[in-house]
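Below you'll find the structure, written out as structure tokens, and then a few comments.
The values are calculated or read from the model by the stated rules, or taken from the named source; none is laboratory data. All figures in this text were calculated on a predicted structure; none of them were measured in a lab. Cβ atoms come from the backbone with ideal geometry, glycine included; neighbour counts cover every protein chain shown.
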């Protein structure tokens, strides 16, 4: 086995695992009842952009379909995490709005 073969097998193995590693994160966000506050939009957005741009580069510049597909799949799962987080935060805002019978005054008004 050459070093190139080893590199390919390691890349394939760990990127295959990475695709499955998104699933527990998605499940945790879906079960979260506090608006998934531990999820950072900026971090997941950056990971989405990095995977999407790597996919585009692999397809256009390298003509490497496998590399393009695995990075597109990673970008998709990052987007799913962002979407589920946005949904859960929206649900929490709606629940809080329903639980608050009257509009609260801003703290600046209370201090006067």
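Condition (residue is over 21 Å from residue 8 (Cβ atoms) and not in a helix (DSSP H, G or I)) applied to the range 62-84: is it met by at least one residue?
No, that holds for no residue.
Test residue 45 against the stated conditions and say whether it is in a helix (DSSP H, G or I), touching a residue at least 24 places away in the same chain (Cβ under 8 Å) and exposed (fewer than 15 other Cβ atoms within 10 Å of the Cβ).
Yes; evaluated as a whole, the condition is true for this residue.
Go through (1) touching a helix residue (DSSP H, G or I) at 6+ places or on another chain (Cβ under 8 Å); (2) at pLDDT below 90 one by one and return the number of the condition residue 101 breaks.
(1)
State all residues of the range 13-40 that are surrounded by 13 or more Cβ atoms within 10 Å (Cβ to Cβ) and assigned to a helix (DSSP H, G or I); if no residue qualifies, say none.
15, 18, 19, 22, 25, 26, 28, 29
Every residue, every condition in (1) farther than 18 Å from residue 36 by Cα; (2) at pLDDT below 95, yes or no:
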position	(1), (2)
51	yes, no
61	yes, no
66	yes, yes
75	yes, no
83	no, no
87	no, no
90	no, no
94	no, yes
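If a residue has to be exposed (fewer than 10 other Cβ atoms within 10 Å of the Cβ) and assigned to a helix (DSSP H, G or I) to count, how many in the range 1-12 make the cut?
3
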